[in-house]
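First up is the structure itself, then whatever we jot down about it.
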Amino acid sequence: MPELRDQQRVALLTARLGLPEGALKPELALEALRHGSYAHERSLAAGREVLRSNERLEFLGDAVFGLLIARRVYERFPGATEGELTRLRAALVREESLAIVARQLGLGELLLLGRGEQRSGGRENAARLADALEAVIAAVLLSCGLERTQETVERLLAPLFDQGALARDPKTELQQLFQSRRRTPHYQVLAVAGPDHARSYEVEVRLDGTPLGRGRGRSKKEAEQAAARAALEAPDVLDRALLDEAISVVSSDPRWRELAAEEAARLRGALGEVQVEHIGSTAVAHLDAKPVIDLLVGVRELTPVLRIPDYEGCGEAGVAGRLYFRKRGPVSFNAQVVELEGPLWRDALLLRDYLRAHPEERERYAAHKREAIASGATKLLRYSEQKAGLMLELLERARGWATRAAGG
């Protein structure tokens, strides 16, 4: 496209905004389109006037967008809570959304950029486009008043409403999911390709080193959003990663029994009519174990909406008929909620009692744990998988032992 004269630039912007001819004040329209790089280069030229960049208008436009969009979502979604309204507004004013609108306007070709900024792809840069759009809205406000600005904003954002772009920002959604589990995802750039003016980024999002999803984009931020979206679209992978955690095996600690009794009393106070038993390896004296105390919570009826204060809920975590909760801190606990006197309740107590009564089995189990750790099974899921065969064998032996003890 040939270089535009100032008058053409203003006329095109006015028309694309859907405003009447001459509605925009030319000096404000040009200021809104003027990036700092352009203003800086012109100010260095001898005899040139000092030009103002669009930064001040961007400041005003940011506030205007926030106000008008807040009003719009408030009116459009009368049943939404404050938190939902906040999320909706954030989805519309975020950089990616504003850049979409700016591209639909063809705003990039109207920008006044310095030579270096043009060479680096400034006309397609999401941040440059979003900033310029905010400045343009401020110019509309100062030229036409608030009512006309409201009409313009609604017209510009209509495609976002219609296309479902109010969906939650994938990166924010993933972040909130991890925060609810007290975990933090990390993003890593895997590759950067293309010339400076047309970069392509590939990013992977990980949890404790476990890959969750990959994405590509024209900026690092765009690629991170794509990676987060890919992770959210793979719930099985996400659930496994959320459940997994680094583990270690330590020597038996005599304090575990007392700590378990204290936490069991707290859980009974918090949950009401439940029974709580200390189970797992920490319930067996002299047995090496993960330094996490396992508690078995027996309830009359298992309900998925159950919550335990201070515990992270992890659903069934691969075991049907169980709700798994965990609390991590200086002293860590697992709480397995099952039907009282049901099969899972009986098996957990039976295995504990069998190991307590058979020191040779306890030593065999401890040796197997140490071998698993030595082989590199230092994450929960792999560690559990390597123990699964022996656990089934021990449980079968425990059932035979119980049958013989009952005279069956």
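The numbers here are math on the coordinates, done by the rules we state, and not lab data. If you're wondering where the values come from, they're calculated on a predicted model, not measured in any experiment. When we count neighbours, we look across all protein chains shown, and the Cβ atoms used for this are built from the backbone with ideal geometry, even at glycine.
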Any idea what Rg and Dmax come out to for the chain if you just take the C-alpha atoms, in Å?
30.8, 107
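When the chain is fully extended, how far beyond the present Cα-Cα distance does Ala285 get from Ala70, taking 0.36 nm per residue of separation?
Values: separation 215, 0.36 × 215 = 77.40 nm, distance 6.05 nm.
So the extension gain works out to 71.3 nm.
Note down the Stokes-Einstein diffusion coefficient of segment 344-408 in µm²/s, whole number, using a Kirkwood radius over alpha carbon pairs, 37 °C, and 0.692 mPa s. Let's see the in-between values first.
Values: Rh = 12.6 Å.
Once the numbers are plugged in, D ends up at 260 µm²/s.
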What distance in nm separates the two pseudo spin-label positions at Arg115 and Ala234, each 7 Å out from Cα along the beta-carbon direction?
4.6 nm
Quick one: go through segment 327-355 and flag any residue whose amide nitrogen is under 19 Å from the point 7 Å out along the Cα-to-Cβ line of Asp253.
327-336
For the chain, longest principal axis from Cα atoms; helix 343-357 axis from its Cα atoms; angle between them, nearest 10 degrees, is 60 degrees
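Averaging sequence separations of C-alpha pairs under 8 Å and six or more residues apart, then dividing by the length of the chain, give the relative contact order as a whole percent.
Values: 616 pairs, mean separation 39.7, N = 408.
Relative contact order of the chain: 10 percent.
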Could you list which residues have their amide H under 5 Å from that of Lys290, counting only those 5 or more apart in sequence or on another chain, with H placed in the peptide plane?
Val250
What number, rounded to the nearest 500 deg cm²/dmol, is the helix-based mean residue ellipticity at 222 nm of the chain, given -39500 (n - 2.57) per DSSP H run of at least four residues and division by all its residues?
-17500 deg cm²/dmol
Per-residue Cβ neighbour rank within 10 angstrom, fewest leading, Lys171, Lys387, Lys290:
Lys387, Lys290, Lys171
Over all distinct alpha-carbon pairs, what is the Kirkwood Rh of segment 186-299 in angstrom?
17.6 Å
Compute the acute angle (0 to 90°) between the alpha-carbon long axis of helix 170-180 and the principal axis of greatest extent of the alpha-carbon atoms of the chain; round to the nearest 10°.
30 degrees
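Taking Cα pairs under 8 Å and at least six residues apart, what relative contact order does segment 253-338 come out at, in percent?
Working: 149 pairs, mean separation 20.9, N = 86.
Answer for segment 253-338 is 24 percent.
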Lysines within cross-link reach of Lys327: Cα-Cα under 20 Å, excluding same-chain residues under 8 positions apart?
Lys290, Lys379
Sorted from largest down, give the three principal axis spans of the alpha carbons of segment 302-359, whole angstrom values.
36, 30, 18
Candidate cut points under GluC sites (Glu not before Pro) in segment 234-303, DSSP loop plus at most 10 other Cβ atoms within 10 Å of their own Cβ, are Glu273, Glu301
Hey, what did segment 280-380 get for relative contact order, percent, Cα under 8 Å, at least 6 apart?
27 percent
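Which of Thr14, Thr184, Thr172 comes first, and how do the rest follow, when ranked by fewest Cβ neighbours within 10 Å?
Details: Thr14 19, Thr184 10, Thr172 15.
Ordered from fewest to most neighbouring Cβ atoms within 10 Å, Thr14, Thr184, Thr172 come out as Thr184, Thr172, Thr14.
Kindly give the semi-axes, whole Å and largest first, of the ellipsoid equivalent to segment 6-167, taking each as the square root of 5 times a Cα gyration tensor eigenvalue.
Values: eigenvalues 170, 55, 35 Å².
Equivalent ellipsoid semi-axes, largest first: 29, 17, 13 Å.
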nm² value of the averaged projected area, convex hull over the Cα atoms of segment 171-243
4.4 nm²
To the nearest 0.05, what FRET efficiency results for Glu173 and Arg42 with a Förster distance of 51 Å applied to their C-beta separation?
0.75
Cα-derived Rg to Rh of segment 255-405, Kirkwood definition
0.95
Kirkwood hydrodynamic radius, computed over distinct alpha-carbon pairs, for segment 100-239: how many Å, to one decimal?
17.2 Å
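Can you tell me how much longer the chain between Ala374 and Val192 gets when fully stretched, taken as 0.36 nm per residue apart minus their C-alpha distance, in nm with one decimal? Intermediate results must be reported in sequence, preceding the final value.
Details: separation 182, 0.36 × 182 = 65.52 nm, distance 3.76 nm.
Result for the pair: 61.8 nm of gain on full extension.
Segment 208-275: which trypsin sites (Lys or Arg not before Pro) are DSSP loop and have at most 13 other beta-carbon atoms within 10 angstrom? If you can, show how the numbers build up before the last one.
Details: sites: Arg214, Arg216, Arg218, Lys220, Lys221, Arg229, Arg240, Arg255, Arg257, Arg266, Arg268; in loops: Arg218.
Counting only loop positions with at most 13 other Cβ atoms within 10 Å, none of the trypsin sites (Lys or Arg not before Pro) in segment 208-275 qualifies.
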